Amino acid sequence: DVVVADEGHIIKETTSKLSQAVKTIRTLRRVVLTGYPLQNNLKEYYVMIDFIRPGVLGSPGEFSNRFMNPIENGNKSDSTK
């Protein structure tokens, strides 16, 4: 069993009906294909990875606290002070 999500960037919102629907598909393997750059949007990255390996990055809140916030704060001009 395999599910291939072509144009996978379309499932970039965790709360969208499409994103919720594709996550209910029971399968052993999931693949996301996208030619669309993530444009430094970690939320979109989280949603696509969570589709492929549910829970591997934790909940959206855990991902935000552990990865998104530190990375985004590092982009601020005063982050090294």
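The values are calculated or read from the model by the stated rules, or taken from the named source; none is laboratory data. Predicted model, so just to flag it, every value in this text is computed and none were measured. Because the Cβ atoms are built from the backbone with ideal geometry, glycine has one as well, and the counts that use them run over all protein chains shown. We work out accessible area using only protein heavy atoms, side chains counted, and drop any ligands, DNA or RNA first. Shrake-Rupley method; radii C 1.70, N 1.55, O 1.52, S 1.80 Å.
Couple of notes before you dig in:
- Peptides ranked, highest mean first, by Cβ atoms within 10 Å: ranges 43-54, 60-71: 43-54, 60-71
- Count Lys and Arg as plus one, Asp and Glu as minus one, and take only other residues whose Cβ is under 15 Å from that of N65; the net charge is then 0.
- Calculated mean residue ellipticity, 222 nm, the chain: -8500 deg cm²/dmol, from DSSP H runs (n ≥ 4) at -39500 (n - 2.57) each, averaged per residue and rounded to 500.
- Ignoring aspartates and glutamates fewer than eight residues from K23 along the same chain, the ones with Cα atoms less than 14 angstrom from its Cα are E13, D50.
- The charge dipole of the chain, taken about its Cα centre with unit charges on the Cβ of Lys, Arg, Asp and Glu (plus for the first two, minus for the last two), comes to roughly 180 debye.
- Principal axis box of the chain, alpha-carbon based, largest edge first, Å: 51, 25, 21
- Annotation: per residue accessible area for region 1-67 equals 69 Å², rounded to a whole number [probe 1.4 Å, protein chains only].
- Inter-probe distance in nm under a simple model that places probes 7 Å from Cα toward Cβ, at L28 and L42: 3.5 nm
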